[in-house]
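Here's the structure we're looking at; comments come further down.
The values are calculated or read from the model by the stated rules, or taken from the named source; none is laboratory data. Computed from a prediction, not measured in an experiment: that's the story for all the values here. Here the Cβ positions follow ideal geometry from the backbone for every residue, glycine too, while neighbour counts run over all protein chains shown.
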Amino acid sequence: LPQRKTQKPLEGPHHRYHCSLCPKTFSRPSSLRIHGYSHTGEKPHGCPYPGCGRWFSVQSNMRRHLRVH
């Protein structure tokens, strides 16, 4: 298995939102919120297509998925 490099958090005024569970930092609070789903497993964006049942943590991924229907 390939070794994963530890991501060094960026500092400064552009990365002032810090994840409390890992070293990642973000420039926007919305990015931190979306990143938080990777820790919780939450997937709040459901496909609206009848009978599909797929859920996504990122809204744009759900929108991209809609093209398969």
*asked:* Condition first: in contact with a strand residue (DSSP E or B) (Cβ under 9 Å, 6 or more places away or on another chain), loosely packed, with under 12 Cβ neighbours inside 10 Å and either modelled with pLDDT under 95 or in a loop (DSSP other than H, G, I, E, B) (or both). Now tell me which residues in segment 50-64 satisfy that.
replied: Gly53
*Please specify each residue of segment 13-29 satisfying the condition of being surrounded by 10 or more Cβ atoms within 10 Å (Cβ to Cβ) and either over 13 Å from the mean Cα position of the chain (by Cα) or of a type in the set (Asp, Glu) (or both).*
His14, His15, Arg16, Tyr17, His18, Leu21, Cys22, Pro23, Ser27
*Which number in (1) loosely packed, with under 13 Cβ neighbours inside 10 Å; (2) in contact with a strand residue (DSSP E or B) (Cβ under 7 Å, 6 or more places away or on another chain); (3) not basic (Lys, Arg) marks the one condition that Leu32 misses?*
(1)
*Output the residues belonging to segment 1-44 that are at pLDDT 95 or above, hydroxyl-bearing (Ser, Thr, Tyr) and in a loop (DSSP other than H, G, I, E, B).*
Ser20, Ser27
